[in-house]
Amino acid sequence: MSAETESPLLSELERPAARALNARGQGQAFLVCEHASRFIPNSLNGLGLSDEAARSHAAWDIGALELSVELMGALDAPLVHSRVSRLVYDCNRPPSAPDAVPAKSERFEVPGNVDLTHAHRTSRVAEVYEPFRDLLSRTLDARPTPSVMITIHSFTPIYRGQPRTVELGILHDSDDRAAQLLLEAAQGSGLDTALNEPYSATDGVTHTLREHALKRGLPNVMIEVRNDLINSPEGVNRISGLLAPMLAQVVDQLTALEKTGEAPT
C-alpha cells in the first residue's frame, strides 16, 4: 500500500474538499464553481510546482469564486464550489479522463502528477472528486423545485502565446436552451461575447453539466469570463453587475417556458 493511501490526502484541518453556500437560496438559479481554489494539500508538497505555476490560471480559475459569490447574492442562488486546486483533481472531469489529474497544464509542468500509481490517482478521486460530486448532488436534489444550473469559470487572456479577444464565453452541451437565451441577453452588454468560446463541449469541459444537469433534465449553461476582467474586486463587481440581470432574465424565461412546456426559439 502506498504512503498516499495509508494516510489521508487531506488532513482533518484541510477538509472539506467542497462547500455549499446559501444552500437554501430561494432563487431558481443554481451555481457551481469547480475551479474555485488553488489550494494544494500539504501531503502533496506543492506538487513540485514553481511559484508562478501555483498562482497561475493553471491551478485555478482566477476570480471565478469571487464572481460566483457575488452572483449568489444577487440571484439568491445556492453555490457549490471545490476547495482544492484542479491540478490535484479537476472536478469538471470524470475519473476516466486523462486530464482529470494533468501532468502538464498549458506551459506548466506538474511534477507531482507524473507517473501516478493507480492508488495515488484513486485517492485523488476519493478525497477530492467524490466529495464534490456528492455534495453537488445532495444540494441539488434537496431543492423543492427544478433549477437552472450555471457553472462559472474564467480563462486566461493569452493561451499558448495567442491572445484571446473574447471576454464572455457561453458554452453548452446537448441542451442549448439557456445558452441561446443568455447569448441574446448579452447583446448590448458591451462584452465581446461568443458561443462555445474559448472552449466547447468537444474539449471535454461540460462534465458537470452532463453529470448533474442533463441527467436531471435541467436547463444549464457554462459561463467563461476572461480573467483579466475579474482579477480585482472592482472588476468582479462590474462583471457581476452585468451578468446578474442577464442571468435573472434567462432564469425567468426558462422557468416560464418550463411551466408552459414550450421551448425557446
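No lab work stands behind these numbers, since they all come straight from the coordinates. Bear in mind the structure is a predicted one, so any value in this text is a computation, not a measurement. Neighbour counts are summed over all protein chains in view; Cβ atoms, including those assigned to glycine, are modelled from backbone coordinates with ideal geometry.
A few comments on the model shown:
- Global form of segment 191-247, assessed from the alpha-carbon gyration tensor, a/c cut-off 1.5: prolate
- In Hz, Karplus ³J(HN,Hα) per residue of segment 54-63 (6.51, -1.76, 1.60; θ = phi - 60°; x = Gly, Pro): 5, 9, 7, 4, 5, 7, 6, 9, 4, x
- Kirkwood Rh and Cα Rg combined as Rg/Rh, the chain: 0.96
- Antiparallel bridge percentage (DSSP; both residues within segment 3-258; nearest 5): 40
- Centroid-to-centroid separation of segment 99-164 and segment 202-265 [C-alpha atoms, Å]: 18
- Taking the fewest neighbouring Cβ atoms within 10 Å as the starting point, the ordered list for 104, 215 is 215, 104.
- Segment 126-265: radius of gyration over Cα atoms, expressed as a fraction of 2.2 N^0.38 Å: 1.08
- Distant-in-sequence amide contacts of residue 104, defined by a placed amide H-H separation under 5 Å and a gap of 5 or more residues or a different chain, comprise 110.
- Reference-scaled alpha-carbon Rg (2.2 N^0.38 Å with N residues) for segment 1-107: 1.17
- Prolate/oblate/rounded call for segment 86-179, Cα gyration tensor, a/c under 1.5 rounded: oblate
- Look at 173, 203, 192 and count the other Cβ atoms within 10 Å of each Cβ; fewest to most, that gives 203, 192, 173.
- For segment 148-156, putting each phi into the Karplus relation 6.51 cos²θ - 1.76 cosθ + 1.60 with θ = phi - 60° gives couplings of 9, 7, 10, 9, 10, 9, 9, 9, 6 Hz, in residue order, rounded to whole numbers and with x for Gly and Pro.
- Derived scalar couplings between HN and Hα for segment 86-101 equal 5, 6, 7, 7, 8, 5, 9, 9, x, x, 6, 7, x, 8, 5, 10 Hz in order, rounded to whole Hz, by the Karplus curve 6.51 cos²θ - 1.76 cosθ + 1.60 (θ = phi - 60°), x for Gly and Pro.
- Rounded D (µm²/s) - segment 3-43, Kirkwood Rh over Cα pairs, Stokes-Einstein at 4 °C, 1.567 mPa s: 101
- Computed on segment 6-101, with alpha-carbon pairs under 8 angstrom and 6+ residues apart, the relative contact order is 40 percent.
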